[in-house]
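Let me begin by presenting the structure, written as structure tokens, before commenting on it.
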Amino acid sequence: MPSAFEHTLAAIDALHAQDPRSTTLADGTSQPQELVYAQRMSRWLEQLQDAPSELLCIAVRAQHLQRWQLARSDYPEGRIGYLTWRRDQSAQAGDTTAKLMEEAGYSHEEAQRVASMIRKQGLGRDSDVQALEDCACLVFLENYFADFSRKVEHDHMVRIVQKTWGKMSPQGHALALALPMDDACAALVKEALGNR
């Protein structure tokens with residue numbers, strides 16, 4: 001019989017698999033976008049921690065749970081609209097994950113702990129929330145940064161890199177600096193970090 005952990009991860013991945021958007025992988029196959037994102041998050045967690053807790057593994061896997069249901073375009077343009085969308089999305093993902101966990105047999109307290117990690121409550125003070133944030137930043141830098149940087153104005157992109165860097169731990173910084181990047185992305189990072 002599957003454990004509560006296995007049951008919860010399977011339920012999360014089943015919801016990820018419902019994403020109507022798809023990502024084409026290096027081998028030419030296509031998979032639901034949020035399922036690919038979640039798998040990338042989990043792979044980075046394996047590099048960040050030797051033995052992460054079940055609760056952290058669940059939070060990392062569920063960070064973008066059903067994100068497609070809340071479209072960014074439904075919120076106002078600009079920073080306030082973006083932050084409101086992010087807050088609402090993380091609250092929805094946290095609440096849904098907590099429900100799946102309790103259905104699988106986790107306690108209410110364990111489920112709420114994961115929901116608070118997904119909401120990134122305690123970032124900078126909570127090592128689990130920091131690990132989740134490092135994973136998110138590393139997934140962005142490895143898989144989405146190059147395309148994103150071609151669509152965003154240069155100075156704004158420099159600020160995005162600076163903000164991303166500011167949210168990461170020293171371990172996250174070391175892993176980020178080891179990522180292969182094209183010349184344009186490497187130059188953007190160098191400019192953003194300056195003398196850091």
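The values are calculated or read from the model by the stated rules, or taken from the named source; none is laboratory data. Predicted model only: the values in this text are computed from it and were never measured. Using ideal geometry, Cβ is built from the backbone for each residue, glycine included, and neighbour counts are taken over all protein chains shown. Accessible surface areas use protein heavy atoms only, side chains included; no ligands, DNA or RNA. Shrake-Rupley method; radii C 1.70, N 1.55, O 1.52, S 1.80 Å.
Quick notes on this structure:
- Of the listed requirements (1) open to solvent by less than 30 Å² (accessible area, probe 1.4 Å); (2) in a helix (DSSP H, G or I), residue 179 misses just one: (2).
- Residues that are within 11 Å of the chain's Cα centre (by Cα), of a type outside the set (Lys, Arg) and not in a loop (DSSP other than H, G, I, E, B), drawn from segment 37-75: 37, 38, 39, 41, 42, 44, 45, 59, 60, 62
- Cβ separations smaller than 8 Å between residues 6+ apart or across chains give the following pairs from segment 166-194 residues that are within 20 Å of residue 156 (Cα to Cα) to residues that are open to solvent by 60 Å² or more (accessible area, probe 1.4 Å) and among the polar types (S, T, N, Q): 192/162; 193/162.
- Residue in segment 114-133 that is outside any helix (DSSP H, G or I), within 25 Å of residue 14 (Cβ to Cβ) and not β-branched (Val, Ile, Thr) present: yes
- Within segment 1-36, restricting attention to residues that are in a loop (DSSP other than H, G, I, E, B) and open to solvent by less than 70 Å² (accessible area, probe 1.4 Å), the residue that is modelled with the lowest pLDDT is 25.
- Given (1) of a type outside the set (Asp, Glu); (2) surrounded by fewer than 13 Cβ atoms within 10 Å (Cβ to Cβ); (3) in contact with a Pro (Cβ under 9 Å, 6 or more places away or on another chain), index of the condition residue 68 fails: (2)
- Total residues in segment 144-196 satisfying the condition of being more than 22 Å from the chain's Cα centre (by Cα) and of a type outside the set (A, V, I, L, M, F, W, C): the figure is 10.
- Within segment 147-168, the set of residues being farther than 17 Å from residue 79 by Cβ and open to solvent by less than 20 Å² (accessible area, probe 1.4 Å) comprises just one member, 168.
- Segment 67-84 residues that are polar (S, T, N, Q), paired with ones that are loosely packed, with under 13 Cβ neighbours inside 10 Å (beta carbon under 9 Å, 6 or more apart): 84/76
- All positions within segment 114-146 that are in contact (Cβ under 8 Å) with a residue 60 or more places away in the chain and either more than 17 Å from residue 41 (Cα to Cα) or open to solvent by 70 Å² or more (accessible area, probe 1.4 Å) (or both): 142
- Every residue from segment 101-113 that is over 18 Å from residue 15 (Cα atoms) and either touching a residue at least 24 places away in the same chain (Cβ under 8 Å) or under 20 Å from the mean Cα position of the chain (by Cα) (or both): 105, 106, 110, 112, 113
- Residue in segment 100-113 that is surrounded by fewer than 13 Cβ atoms within 10 Å (Cβ to Cβ) and in a loop (DSSP other than H, G, I, E, B) present: yes
- Condition check for residue 94: open to solvent by less than 70 Å² (accessible area, probe 1.4 Å) and under 20 Å from residue 133 (Cβ atoms): yes
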